C-alpha cells in the first residue's frame, strides 16, 4: 500500500500540517466553531481582526445575502489586543494549531504597535496585515490603494516584529502585481489575497441601502474567478508564498488556487452555511493528490499549464 501524500507546508516559517486555514472574519476567534469543527485538523487558525483597542464595528444591519455570496459591513468588531490575549489565546494555544492573527489600525503607528504587542506572545505564529483599512492621517484613503503606502506600512510593521508578516491585499486595484512586489520588497514574508470586493445592495421598495453602512464587501462563490486571476498574477510577480481565498465552497476551488500559484488556502464565507467545508477541503485535496499520483501538496503550487 502506497504512503499517503504529504500535506504539510512551511508557510514563511509557519509549519502547517496541511495547507488549509480559515479566512479572517468568518471563523471568529476559533472558540465559536470549536463545537462544530475539530480545530486540530486545520493547518492554521486565522482569527478575526485585532486593533489596539476594542472596537464595536458598524451599526446593524451589517450583512445581507445576495446571489452567489454575501455582502458584509461588520466593521472589524473585536476585543482589542488585551482582550484577545486574555480571553481567546489561551484556548487557541491548547489546540496546538498555529494561530495567525489578523491586525488592523487607522494609522501606521497603530498597526506597528499592535504587531509589537503580539510579537512575543506565546501562541501567535504570524500576523496577517489587513491593508484595506482607511488611513485616517491621509484623508481616509485605504492603506492598500497605493503601492508606496503599502510598502511604508509593511516596513513600519516589519521594524516592530520578528513574526511572519502576511499583508492581505485589496482586490480593487488596476493591477495586483506592483502591490505584491511592494509588499515583498518592504519585508512581507507571504501574501494573503483576496479581500472582499466593494459592493452595495439597495432595497428597491424603500430605495434605501440595505446595510446601515450603505456599502460593504462582497464574498462567496461569485468572487472566486476574480480571486484566481489575482492569485495567478501575484504569483508571477513575487516568490514569497501566497494564501489564497475567495469563494471556496469545496476542494475544487481550493485546488484551483493551489494550481494558480498559492501555497495555502483559506475557507471563508462557506463556513457560515456549512462549517464542515474546511474539513471537506482538506480531505478533497488529499484525494486529488492520490488520484494524480502526487506525493506532496507542494507539487500542486504553481502547476498551471500555460
Across the alpha-carbon set of the stretch 57-211, Rg over Rh with Rh taken as the Kirkwood radius works out to 1.00
Two decimals is fine: what's Rg over Rh for the chain, C-alpha atoms, Kirkwood radius as Rh? 0.95
If you average the sequence gap of Cα pairs under 8 Å that are 6 or more apart and divide by the length of the stretch 9-299, what percent do you get for the contact order? 19
Just how far, in whole angstrom, is the stretch 50-128 from the stretch 267-306 if you go by their alpha carbon centroids? 26
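Restricting everything to alpha-carbon atoms, can you work out Rg to Rh for the stretch 1-135 with a Kirkwood hydrodynamic radius? Don't jump to the answer; show the numbers that get you there.
On the way: Rg = 16.0 Å, Rh = 16.0 Å.
Ratio of gyration radius to Kirkwood radius for the stretch 1-135: 1.00.
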Peptides 88-96, 11-19: what's the order by average Cβ count within 10 Å, highest mean first? 11-19, 88-96
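In cubic angstrom, how much convex hull volume per residue do the alpha carbon atoms of the stretch 9-78 span? Show your work: numbers first, answer last.
Details: hull volume 9.1 nm³, N = 70.
Convex hull volume per residue, Cα atoms: 130 Å³.
Each value in this text was obtained by applying a stated rule to the coordinates, not by laboratory testing. All figures in this text were calculated on a predicted structure; none of them were measured in a lab. Ideal geometry is used to build each Cβ from the backbone, glycine not excepted, and the neighbour counts take in all protein chains shown.
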